[in-house]
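Data block below; observations after.
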Amino acid sequence: MTLGRREFLRNTGTCVAGASALALGFIPPRAQAQETRQYKLLRAKETRNNCTYCSVGCGILMYSLGDGAKNAKARIFHIEGDPDHPVSRGSLCPKGAGLVDFIHSESRLQYPTYRAPGSREWKRISWEEATDRIARLMKDDRDKNFIQRNEKGELVNRWLSTGMLASSAASNETGLLDFKFARSLGIMGLDCQARLCHAPTVAALGPSFGRGAMTNNWVDIKNANVVLIMGGNPAEAHPVGFKWVMEAKIRNAAQVLVVDPRFNRSAAVADFYAPIRAGSDAAFLLGVVNYLLSHDKIQHEYVQAYTNAALIVREDFQFHDGVFTGYDAAKRSYDMSSWDYERDEQGFAKKDLTFQNPRCVLNLLRDHASRYTPELVSQITGTPEKDFLHVCETLASTSVPDRTATMLFALGWTHHTNGSQIIRTAAIIQMLLGNVGMPGGGLNALRGHSNIQGYTDLGLLSTRLPGYMNLPKDSQQTLDTYLQASTPKADEPGEVNYWHNTPKFFVSLMKTLWGDHATAANSWGYDWLPKWDRSYDMLAYFELMHQGKVNGYIAQGFNPLAAMPDKNKMRDAFAKLKFLVTMDPLDTETSNFWQDEGVYNDAKPEEIQTEVFRLPSTCFAEENGSIVNSARWLQWHFSGAQPPGEAWSDGHILGTIFTKLRALYASEGGVCPEPLMNMQWNYRDPEEPTPEEVAQESNGYALADIQDATGKVVVRKGELLPDFSVMKDDGTTSSYCWIFAGSWTQAGNQMARRDNTDTGLGNTPGWAWAWPANRRLLYNRASMDPQGRPWDPRRQIIEWNGQRWVGADVPDYPLTSPPGSGVGPFIMQSEGVARLFSGHSLVDGPFPEHYEPTESPVTGPALGKTVRHNPVSRVFADEKPRMGDPEQFPYVATTYSITELFRHWTKHSQLNAIMQPEQFVEIGDRLAGKLHIKAGDMVRVSSKRGYIEAKAVVTKRLKRLNVMGNDLDQVGIPCHWGFKGATRKGFLANTLTPAMGDANSQTPEFKAFLVNVEKV
Ligand code: SF4
């Protein structure tokens, strides 16, 4: 802008006048405040951190005052986006923009408090009283109920009557302490938020490609030609990550397709939107598979070289009337022995590269998917046939080598009783199109919580160990039996089959857990690990709690009363506990489950005998540590202030209770003290381990000089491991989580790196550190043909330099295996290739199949079968009476998140509460017309399990669909309100949802269930 002399004088005159008026005190206070705001950062300390909400992991800069002098407590007064961050580049969404209000929320807990049995109030207590009492209660319960041997006399060392729910936003370092704390005591009921969000993703992507994580990364979305958003709504749930979708539109003229029950905010900026009935995604996607195969729209060379399409399946494997071979209806499970390849004398899978053999995987898949014709898909899903075909054609355009499609999904695909198989179907589509391993391709699971990827990596699930190893089960009584079952043999000769290193990862873990107590003579302390007889996942464990079989529970940074399905049943389950401990920065519904909140929580405190300890913990802004974003980046953050009041870090709370438990066992003795007493807890202050020492422990150390194959010492005793390739199975290395090896090396903390140089195609390998081995794009060798030529020269990300693989990304391949070596690019797979047919890996079938949700409006047969529901989904007998039918509950409901609120956390933040102060539900205009409901009317939405009341938003975003010849209306239920926080009180949305789970991961079916709607 150029200013003329007259304007210049006018403007400067105004400024001078303004300054004079200010000096004379004539400016009103509000204007004075505006004048002084420009100096807000003067004398402030700047601290780097990450947003605590979703797993885009946006960088933030926190500004605090208080110079650290005695009695000058730092206080964060401003937070803004970090402009250097390669993903967020200074942006924050409405949730991130409200972070400072979260830190200073009126709901922040200041002191430990206690609720006595039958009491109606909280009472303040000291940390000493609280931790003494908790340790006492835990020890008494453990001594009374610990199971050393099962009925068969097998050593199992487990404790079932007290459980623990680990967080989803706490740091990795806290996660390591959670694991050591719980497993040293033998706790089996250990689970985390992953169970409620992306567990089906891991169950599906692991068997498909080798690892269960997002294949590409946020920035890489910009390289796509087609973006399919289905089973997610990133414009609202991951707004800053969504900017890379817009970048793909701008840079590549990418076609963005949205398939969703609602015309949501992602759809609003997409090129094409198709409606779908909630719960019918597998039918839609299997229809796409059928389209690609029947129209020969597959990338042939990729499919032949990089998938198991040519492998031959056993004769006795069949599919009939909705079930695969080996089904046992009484047990609701499969004998999977026929789900395998034909094998030669050496045990390798047979193959037919000509595809003449009808038992080839590709031919069986073609047959299996052929039932999903466009007509039938349209009838099942309610998607108009022409819309369905448009999605098919657009995806099919990427079957050529130089075009890619990426798929973005989240809980819309996971929250189903066949969630894992929905994601498997998507994986199959991407394999057929040759889109896996390609920049701009892949299957991108958008993780919800800021560190739920990390908590999954750390093995905080009931039958898991860190780094995607399994906890041993009862029948694996010896280390040899366990390792034999856990270490796969190659299905094809010459393949990398990286999991053959399992013994190295496992023994290194055991050395971390038991230190010098772990020796070859005692199988590295194998007996001290608890063994499992069945899954004690959240659904199963709360079922036991409801049956009165659980006495104690610890909820860490988690609000299960609001998060688990069937809230009224949950409240009744909590009321059967003897003691409940919550560790949280906020005052949650869970810690107050016993409060009488009228219609919002109809409890009778005097009848509830549970002792409750409400322990205040620090939040993200008050701790150092690392969290893992959805793209597997471990990002280190720093504390910018002290916590409020007497709040402690989670590590401090766990360390103190752990130390007190040990002291009790030392002084009194007790049942099976060895795992607890032998657990390595050698921190400088055992009551308060520092994040730095824990992070190094997680990476791992050389416990002796480590030599390479030539005898040269590559790591000296006592040094941090440079990566997982140097790990040994002879007790000379330790590492808690093998995939994190390399995150903190002799060169320092790799997670804190800040070089945002783009090495090509949006890769920034110098920013933070990604598992595994700092790779940013998984399976990147598959972006080139077997001879090492890129499928698309514009998308070349690695290359062979004559001696080794190099490039913009760390190659996901043996560095010295040359082009043409025949080594497959999916190095974690025993076949070396991606799996169209998944063998024994999933419990509900090696090919995906559409099954109706547990509560479904479709009551008759379809797809030529009578079996309508997933025959092995998680169903508890006493849940059946809590299921509704379409006569009584004629509408399909689906839950979701909105952009201004994050689960049940942001309702405690003033800014977010102002933006979305009151609960609402979305109802299509045609249904509203039928029920005489106007926008703003109060409505009651009820399911077989309870009801909620909320304001109606009447919208055209929810279309009436035609499903199997009948009209069908859908209802949208945002899930953010409750009876605590800064918003108006509301109903917990999970009052409505059913407690049925995915067959593989037991993740509840939040996304498709039946309701009725009435005007109040
Ligand atoms: S909620 Fe997600 S997108 Fe929003 S600021 Fe936080 S990390 Fe970024």
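Just so you know, all these numbers are worked out from the coordinates, no wet-lab data involved. Given the structure is predicted, the values throughout are model-derived calculations rather than measurements. Reconstructed Cβ throughout: ideal geometry from the backbone, glycine too, with neighbour counts over all protein chains shown.
Arranged from fewest to most other beta-carbon atoms within 10 Å of their beta carbon, SER591, SER462 become SER462, SER591. Where both bridge residues fall in the chain, DSSP classifies roughly 60% of the beta bridges as antiparallel.
For each of VAL843, VAL202, count neighbouring Cβ atoms within 10 Å of the residue's Cβ, then give the residues from fewest to most.
Listed from fewest to most nearby Cβ atoms, that is VAL843, VAL202.
Straight-line cross-link reach from LYS350 at under 22 Å between alpha-carbon atoms covers these lysines, not counting any fewer than eight positions away in the same chain: LYS489. Counting charges near ARG464 (Lys, Arg +1; Asp, Glu -1) among other residues having Cβ under 15 Å from its Cβ returns a value of +4. The percentage of C-alpha pairs in region 661-810 whose separation is greater than 28 Å is 41%. Considering only beta bridges that DSSP places wholly inside region 888-1016, some 65 percent are antiparallel.
Measuring from a point 7 Å past the Cα of PHE272 along Cα-to-C-beta, which residues in region 233-263 have an amide N at less than 14 Å? In region 233-263, the label zone of PHE272 (backbone N under 14 Å from the point 7 Å along Cα→Cβ) covers 254-260.
Structural descriptor for region 951-1016: relative contact order 15 percent, calculated from alpha carbon pairs under 8 angstrom and at least 6 residues apart.
What FRET efficiency, computed as 1/(1 + (r/R0)^6) with R0 = 22 Å and r the Cβ-Cβ distance, is obtained for TYR947 and SER119, rounded to the nearest 0.05? Computed FRET efficiency for TYR947 and SER119 comes out at 0.15. Please state the relative contact order of the chain as a whole percent: Cα pairs under 8 Å, 6+ residues apart? Computed value for the chain: 18 percent relative contact order.
Dipole magnitude for region 203-316: computed about the Cα centre from +1 point charges on Lys and Arg Cβ and -1 point charges on Asp and Glu Cβ, it is near 400 debye.
Take the residue pairs LYS473/LYS717; LYS45/LYS511; LYS985/LYS1007; LYS473/LYS728 and return only those whose Cα atoms are more than 29 Å apart.
Those over the limit are LYS473/LYS717; LYS45/LYS511.
Legend: Rg and Dmax of region 454-504, from Cα coordinates, 12.4, 35 Å. Taking region 844-961 as the region of interest, the number of lysine pairs whose Cα atoms are within less than 28 Å, with members eight or more places apart or on different chains, is 18. Annotation for region 457-533 versus region 799-835: alpha-carbon center distance of 26 Å. Rounded to the nearest 20 debye, the dipole magnitude of region 532-657 is 380 debye, with +1 charges on Lys and Arg beta carbons, -1 on Asp and Glu beta carbons, and the Cα centre as origin. For region 114-151, the residues whose backbone nitrogen is under 19 Å from a point 7 Å from the Cα of GLN642, taken along Cα to Cβ, are 126-128. Put simply, when 612-618, 350-356, 191-197, 300-306 are sorted by average Cβ atoms within 10 angstrom per residue, most first, you get 191-197, 612-618, 300-306, 350-356. Counting only residues at least eight positions apart within a chain, or on another chain, the aspartates and glutamates with an alpha carbon under 19 Å from that of LYS139 are GLU128, GLU129, ASP178, GLU611, GLU668, GLU674, GLU687. Computed over the alpha carbons of region 253-302, Rg followed by Dmax gives 13.4, 38 Å.
Sites listed here are trypsin sites (Lys or Arg not before Pro) in region 937-1016 whose DSSP assignment is loop and whose Cβ has at most 14 other Cβ atoms within 10 Å: LYS956, ARG984.
The charge dipole of the chain, taken about the Cα centre with unit charges on the Cβ atoms of Lys, Arg (+1) and Asp, Glu (-1), comes to about 2280 debye, rounded to the nearest 20.
Multiplying the residue separation of GLN609 and LYS152 by 0.36 nm and subtracting their alpha-carbon distance yields 161.0 nm. Computed from the Cβ-Cβ distance with R0 of 30 Å, the FRET efficiency linking ASN756 to LYS45 stands at 0.85. Note on TRP127 and THR478: the extension gain reaches 122.2 nm, defined as 0.36 nm multiplied by sequence separation minus the Cα-Cα distance. The ranking of GLU719, GLU492 by Cβ neighbour count inside 10 Å, starting from the fewest, reads GLU719, GLU492. Partner aspartates and glutamates whose Cα lies under 16 Å from the Cα of LYS980, excluding those fewer than 8 positions away in the same chain, are identified as ASP101, GLU106, GLU121, ASP584, ASP587, GLU589, ASP596, GLU597, ASP602, GLU918.
Taking every DSSP helix (H) stretch of at least 4 residues in the chain, weighting each as -39,500 (n - 2.57) and dividing the sum by the residue count yields a mean residue ellipticity at 222 nm of -7500 deg cm²/dmol. Extension gain, ALA330 to ALA877: 0.36 nm times the residue separation minus the Cα-Cα distance gives 195.6 nm. Projecting the Cα atoms of PRO861, PRO871, GLN888 onto the charge dipole of region 857-905 (Cβ charges, centred on the Cα centre) puts PRO871 farthest toward the positive pole. Of interest is the spacing of the C-alpha centroids, which for region 321-342 and region 269-308 amounts to 26 Å. The simple spin-label model puts a point 7 Å past each Cα toward its Cβ; for GLU393 and ALA747 those points are separated by 5.1 nm. Each listed q (0.09, 0.14, 0.21 Å⁻¹) maps to a log10 I(q)/I(0) for region 292-451 from the Debye sum over equal C-alpha point scatterers, namely -0.37, -0.90, -1.49. Between ASN780, TRP769, TYR683, the Cα set farthest toward the positive side of the dipole of region 655-787 (charges on each charged residue's Cβ, about the Cα centre) is that of ASN780. The calculated FRET efficiency for LYS930 paired with THR373, based on their beta-carbon distance and R0 = 35 Å, is about 0.65. Take every pair of alpha-carbon atoms less than 8 Å apart whose residues are at least six positions apart; their mean separation over the length of region 135-180 yields a relative contact order of 27 percent.
Based only on the alpha carbon positions, what is the Kirkwood hydrodynamic radius of region 931-1014, in angstrom?
14.6
The simple spin-label model puts a point 7 Å past each Cα toward its Cβ; for ALA253 and ALA704 those points are separated by 6.4 nm. When the chain is described by a simple charge dipole with +1 on each Lys and Arg Cβ and -1 on each Asp and Glu Cβ, the residue from GLY163, SER897, VAL694 located farthest towards its positive end is SER897. Our note on the geometry: Cα centres of region 357-405 and region 911-987, 34 Å apart.
What per residue convex hull volume, in Å³, comes out for the chain when only alpha-carbon positions are used?
On the way: hull volume 197.2 nm³, N = 1016.
Convex hull of Cα atoms, per residue: 194 Å³.
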